[in-house]
Amino acid sequence: MDKQVYITEEEHRKCKKVADAFAELYGIADIVMVAVGKYSFVMLKYYKPPHGFEDAMTFTDSVALFEDLWEEWLNTKLYLMAKGTPLLEKGYKGVFESLPEEKLVETYCEKS
């Protein structure tokens with residue numbers, strides 16, 4: 001029987017770097033990243049007891065993982081900025097478009 005590889009060692013290393021770079025996100029959002037050996041990295045989101053996580057996404061590509069985590073990070077930041085204000089009703093796009101230029105620079109430069 002042939003041994004099947006789901007994620008290359010190189011992509012596993014890259015995915016680990018990406019997952020580690022977003023460690024701050026896991027503390028403020030309901031997200032857990034799990035390395036699943038030769039299979040992939042799994043993003044678990046929205047834990048609801050007693051059933052567990054509502055969403056699970058599998059990644060074998062570090063670029064796709066980065067893009068998803070970046071979007072999660074940005075959406076979380078936008079939500080936290082608008083939380084408790086009427087701005088939240090506009091959704092993420094509305095919150096983003098309502099930010100003054102200096103806040104946009106501050107938000108984007110914080111991670112890059």
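Restricting attention to region 36-54, the residues being of a type in the set (Ser, Thr, Tyr) and under 18 Å from Glu71 (Cβ atoms) number 1. Looking across region 23-77 at every residue that is farther than 16 Å from His12 by Cβ and polar (S, T, N, Q), the one that is modelled with the lowest pLDDT is identified as Asn75. Looking at region 45-63, which of its residues are outside any strand (DSSP E or B) and hydrophobic (A, V, I, L, M, F, W, C)? Matches in region 45-63: Val63 only. No other residue among Lys90, Lys38 is more than 18 Å from the chain's Cα centre (by Cα), assigned to a loop (DSSP other than H, G, I, E, B) and either in contact (Cβ under 8 Å) with a residue 12 or more places away in the chain or surrounded by 13 or more Cβ atoms within 10 Å (Cβ to Cβ) (or both) apart from Lys38. Here Val63 clears all of (1) out of contact with any Lys or Arg (no Cβ under 8 Å at 6 or more places or on another chain); (2) of a type outside the set (Phe, Trp, Tyr); (3) within 30 Å of Leu99 (Cβ to Cβ); (4) surrounded by 14 or more Cβ atoms within 10 Å (Cβ to Cβ) except the condition numbered (4).
The values are calculated or read from the model by the stated rules, or taken from the named source; none is laboratory data. Worth saying up front: this structure is predicted, and the values here are computed from it rather than measured. Cβ coordinates were reconstructed from backbone atoms using ideal geometry, including for glycine residues, and neighbour counts include every protein chain displayed.
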